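Everything below concerns the one structure shown next.
The values are calculated or read from the model by the stated rules, or taken from the named source; none is laboratory data. Model, not experiment: these values are computed from the prediction. Note that each Cβ is placed from the backbone with ideal geometry, even for glycine, and that neighbours are counted across all protein chains shown. Each accessible area value is taken on the protein alone, full model and side chains, heavy atoms only, with ligands, DNA and RNA left out. Shrake-Rupley method; radii C 1.70, N 1.55, O 1.52, S 1.80 Å.
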Amino acid sequence: MATALVIENDPTDDLRRLGEWLAEGGLELSVLRPHAGEDLPADLDGYAALVVLGGDQQAYPLPDGTPGAPWFPALEGLLRKAVRHRVPTLGVCLGAQLLATAHAGQVERSPSGPEVGPAVVGKRDAAEGDPLFKYVPLIPDVLQWHSDEITELPRGATLLAASTRYPHQAFRLGDRAWGLQFHIECDTAMIAEWARDSELLAELGYDEELVVAACDRVLADVEEVWQPFAVRFAALAMGELGDDVNRPSLPLLGH
């Protein structure tokens, strides 16, 4: 079986439903947990895909200049190698932000404020030529839980989905790397854990139980859209999906 390397940046944001969908698509999943002290590999030899999950850290440096997490420089290097060598890559929330910063994009505390709970995003015209996004509905359901946002995409990136307050909701870098600002992996238990004593909800003045209930109500709609998306990503990683995307010229960083 083809194996995807999965980077879990935070113990509260694991693969959950996304892992089930990727496995349904035929991928074997090898999960690394650098937050627990596990080392990242130097390269992606032997892996058919790379998946980078979310977390509570910042993709940009802390005020003292140190990385948002000790392993982020190595992870950004791995993301650059994935794009350079055309390893199918999927970054979710923080993972998408790190994909952007690894390629000279910009991530900042969002000037629009936090975004939490059920939402929709709108596909851009370029999504119709994308091997994964062309089958996504025009206005798909997603789950949001972030304070930071990608304020500037990497040069050469293709914007695939946007929303009114947060213009960079999904993008593709090269022809095989995708970043999703939103979450697709969550189940109700994960959302409930995030909501418990959440500073983010307190900042917004949101009621914990109402947020969890609202998210729970849209999970079936999220699955309807993003389970097939995940299966198509798995098919691409295994060489079973036609490679029919135009490849833009990219400034390839790193080695």
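Would you mind getting me the FRET efficiency between Glu209 and Arg33? Use the beta-carbon distance for r and R0 = 35 Å, nearest 0.05.
The formula returns an efficiency of 0.70 here.
Given all pairs of different Cα atoms, what value in angstroms does the Kirkwood hydrodynamic radius of the chain take? Don't jump to the answer; show the numbers that get you there.
Numbers: mean 1/r = 0.0553 Å⁻¹.
Averaging 1/r across every pair of different Cα atoms and inverting gives 18.1 Å.
With charges only on Cβ, +1 for K and R and -1 for D and E, what is the dipole size of the stretch 1-143 about its Cα centre, in debye, rounded to 20?
Value, rounded to 20: 400 debye.
Express in Å², to the nearest 10, the accessible area of Glu224 obtained by rolling a 1.4 Å probe over the protein heavy atoms while all chains stay in place.
That residue has around 130 Å² of solvent-accessible surface.
Could you order His85, His35, His168, His183 so the one with the most accessible surface comes first? Probe is 1.4 Å.
Details: His85 120, His35 60, His168 35, His183 5 Å².
The ordering from most to least exposed comes out as His85, His35, His168, His183.
State in Å² the accessible area per residue of the stretch 1-53; use a 1.4 Å probe, count heavy atoms of protein chains only, and round to the nearest integer. Intermediate values should be presented prior to the final figure.
On the way: 2130 Å² over 53 residues.
That works out to 40 Å² for each residue.
Please tell me the relative contact order of the stretch 113-255 in percent, rounded to the nearest whole number, where contacts are Cα pairs under 8 Å and at least six residues apart.
With pairs under 8 Å counted, the relative contact order is 28 percent.
Could you state the accessible area per residue of the stretch 129-200 in Å², with a 1.4 Å probe and every protein chain left in place?
Normalised by residue count, the accessible surface of the stretch 129-200 is 34 Å².
Which percentage, to the nearest 5, of the DSSP beta bridges contained in the chain is antiparallel?
Of those bridges, close to 55 percent are antiparallel.
At 27 Å minimum axial length over the Cα atoms and a Kyte-Doolittle cut of 0.5, report the qualifying DSSP H helices in the chain, or say none.
Working: long enough: 208-237 (38 Å, 0.71).
Span-like helices, by this rule, are 208-237.
Using alpha-carbon pairs under 8 Å, 6+ residues apart, how would you state the relative contact order of the chain in percent? Could you put the intermediate results ahead of the total?
Working: 527 pairs, mean separation 57.9, N = 255.
Answer for the chain is 23 percent.
When the label point is put 7 Å from the Cα of Tyr135 along its Cα-to-beta-carbon vector, which residues of the stretch 210-232 have a backbone N closer than 17 Å?
Residues passing the 17 Å test: 222-232.
What figure, in Å² to the nearest 10, do you get for the accessible area of Arg33 with a 1.4 Å probe and non-protein molecules left out?
90
If you take the square roots of the eigenvalues of the alpha-carbon gyration tensor of the stretch 61-171 and sort them as a ≥ b ≥ c, do you get rounded (a/c under 1.5), prolate (a/b over b/c) or oblate?
oblate
Trypsin sites (Lys or Arg not before Pro) within the stretch 117-163: which are DSSP loop residues with at most 15 other Cβ atoms inside 10 Å?
When the trypsin sites (Lys or Arg not before Pro) of the stretch 117-163 are filtered for loop state and at most 15 Cβ neighbours within 10 Å, Arg155 remain.
Do you know the relative contact order of the stretch 1-61, to the nearest whole percent, from alpha carbon pairs under 8 angstrom that are 6+ apart? Kindly include the intermediate steps, with their values, before the conclusion.
Working: 87 pairs, mean separation 31.7, N = 61.
Normalised by residue count, the contact order of the stretch 1-61 is 52 percent.
Find out how many positive minus negative residues lie around His85, taking Lys and Arg as positive, Asp and Glu as negative, among other residues whose Cβ is under 13 Å from that of His85.
+2
Can you give me the % of accessible surface on the chain that is carbon or sulfur? Probe 1.4 Å, all protein chains present, nothing else counted. List each step's numbers first, then the result.
Working: 5200 of 10810 Å².
That fraction is 48 percent.
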